[in-house]
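A.B. asks: This is the structure, below, for whatever I ask next.
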Amino acid sequence: MNVTDKELIEKATEAMHNAYAPYSNFPVGACLLSADGRTFTGCNVENASLGATNCAERTAVFKAISEGVRDFVAIAVVAEKGMAWPCAICRQVLNEFAPNIRVIVAYQDHVEEAPLSELLPHAFGPKDLNK
Ligand code: THU
């Protein structure tokens with residue numbers, strides 16, 4: 001069964017409720033869709049050092065990778081307080097595995113999407129090391 005964008009957004013919203021964001025008070029949730037139809041959710045996990053904070057998107061990617069899944073087609077990102085396009089570090093991490101992934105960002109009833117290749121033009125990735 002095909003997973004719809006609406007389902008991805010719903011799962012990302014559920015994950016957002018698990019966010020650990022006491023410093024920014026900016027909860028974020030993500031839901032990554034793999035090519036075989038599996039979904040992996042993530043939330044932001046902040047840290048008192050601030051620098052050790054992990055974004056929702058990377059949490060979802062790392063969960064999938066750690067379960068042996070590397071082929072991704074879409075990711076939905078939801079934040080409590082506004083549209084949250086993935087940060088540059090998350091764009092780079094997504095590019096490692098899925099340079100053309102669809103990035104869907106939702107806030108309340110507003111949904112936008114863009115291919116990662118548009119969000120991270122001229123990306124440096126695995127292809128550049130295999131010359
Ligand atoms: N954050 C995410 O988890 N994903 C985004 O797309 C943008 C930012 C988190 C990091 C930090 O915990 C909080 O939002 C504020 O930057």
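The values are calculated or read from the model by the stated rules, or taken from the named source; none is laboratory data. Keep in mind the model is a prediction, meaning the values are calculated, not measured. Ideal geometry is used to build each Cβ from the backbone, glycine not excepted, and the neighbour counts take in all protein chains shown. Quick note on the areas: whole protein, heavy atoms, side chains included, nothing else; ligands and nucleic acids left out. Shrake-Rupley method; radii C 1.70, N 1.55, O 1.52, S 1.80 Å.
A.B. asks: Which far-off residues, 5 or more places away or on another chain, put their amide H under 5 Å from the one on Val69, with H placed in the peptide plane?
C.D. replies: So Val69 has HN proximity to no qualifying residue.
A.B. asks: To the nearest 20 Debye, how big is the dipole of the range 5-129 about its Cα centre, given +1 on the beta carbon of each Lys and Arg and -1 on that of each Asp and Glu?
C.D. replies: In total the dipole reaches around 260 debye.
A.B. asks: At 1.4 Å probe size, with the rest of the protein present, what percent of the exposed accessible area of the chain is carbon and sulfur atoms?
C.D. replies: Values: 3890 of 7280 Å².
Looking at the chain in its full context, I get 53 percent from C and S.
A.B. asks: Enter the per residue convex hull volume of the chain, computed from alpha-carbon coordinates, in Å³ rounded to the nearest integer. Numbers along the way, then the final one.
C.D. replies: Working: hull volume 14.4 nm³, N = 131.
Considering the Cα atoms of the chain, their hull volume per residue is 110 Å³.
A.B. asks: Something else now. Based on the mean of other beta carbon atoms within 10 Å per residue, what is the order of 102-108, 67-73, 16-22, most packed first?
C.D. replies: Details: 102-108: 19.1, 67-73: 13.9, 16-22: 15.9.
Most protected by this proxy first, the peptides run 102-108, 16-22, 67-73.
A.B. asks: Follow-up. For the range 86-91, just list the computed ³J(HN,Hα) in residue order, Karplus coefficients 6.51, -1.76 and 1.60, θ = phi - 60°, integers in Hz, with x standing in for Gly and Pro.
C.D. replies: Those phi angles translate into x, 5, 5, 5, 5, 4 Hz.
A.B. asks: So what are the ³J(HN,Hα) numbers for the range 7-17, from phi and the Karplus equation (6.51, -1.76, 1.60; θ = phi - 60°), rounded to whole Hz, Gly and Pro as x?
C.D. replies: Karplus values, whole Hz, x for Gly and Pro: 5, 4, 5, 5, 5, 5, 5, 4, 5, 4, 5.
A.B. asks: So how much slack lies between Arg70 and Ala123, counting 0.36 nm per residue of separation and subtracting their Cα-Cα distance, in nm? Don't skip to the answer; put the middle values down first.
C.D. replies: Details: separation 53, 0.36 × 53 = 19.08 nm, distance 1.85 nm.
Taking Arg70 through Ala123 to full extension adds about 17.2 nm, to one decimal.
A.B. asks: Let me ask something else. Mind listing the phi-derived Karplus ³J(HN,Hα) values for the range 94-111, rounded to whole Hz, using 6.51, -1.76 and 1.60 with θ = phi - 60°, and x for any glycine or proline?
C.D. replies: 5, 4, 4, 10, 8, x, 10, 4, 7, 9, 10, 10, 10, 9, 6, 8, 8, 10
A.B. asks: Continuing with the same structure: Helix-derived [θ] at 222 nm for the chain: sum -39500 (n - 2.57) over DSSP H runs of at least 4, divide by residue count, nearest 500? If you can, show how the numbers build up before the last one.
C.D. replies: Working: 5 runs with 41 residues, N = 131.
-8500 deg cm²/dmol, from helical runs alone.
A.B. asks: Determine the per residue accessible area of the chain with all protein chains present and a 1.4 angstrom probe, expressed in square angstrom. Could the numbers behind the result be given before it?
C.D. replies: Working: 7280 Å² over 131 residues.
About 56 Å² of surface per residue is accessible.
A.B. asks: Ok, one more. From the residues Asn130, Phe40, Ala60, which one has its Cα farthest along the dipole of the chain in the positive direction, the dipole being from +1 and -1 charges on Cβ of Lys/Arg and Asp/Glu about the Cα centre?
C.D. replies: With unit charges placed on the Cβ atoms, the residue in question is Asn130.
A.B. asks: Grab the eigenvalues of the alpha-carbon gyration tensor for the range 70-111, scale each by 5, take roots, and send me the semi-axes largest first in whole angstrom. All intermediate terms of the calculation are to be shown ahead of the outcome.
C.D. replies: Values: eigenvalues 85, 26, 8 Å².
Equivalent ellipsoid semi-axes, largest first: 21, 11, 6 Å.
A.B. asks: Report relative contact order for the range 15-111 in percent, whole number only (criteria: Cα-Cα under 8 Å, sequence separation at least 6). Spell out each step's value before the answer.
C.D. replies: Numbers: 201 pairs, mean separation 25.4, N = 97.
Reported relative contact order: 26 percent.
A.B. asks: Another one. State the number of lysine pairs found in the chain whose Cα atoms come within less than 22 Å, restricting to pairs 8 or more positions apart or on distinct chains.
C.D. replies: Taking the chain as the scope, the lysine pair count is 4.
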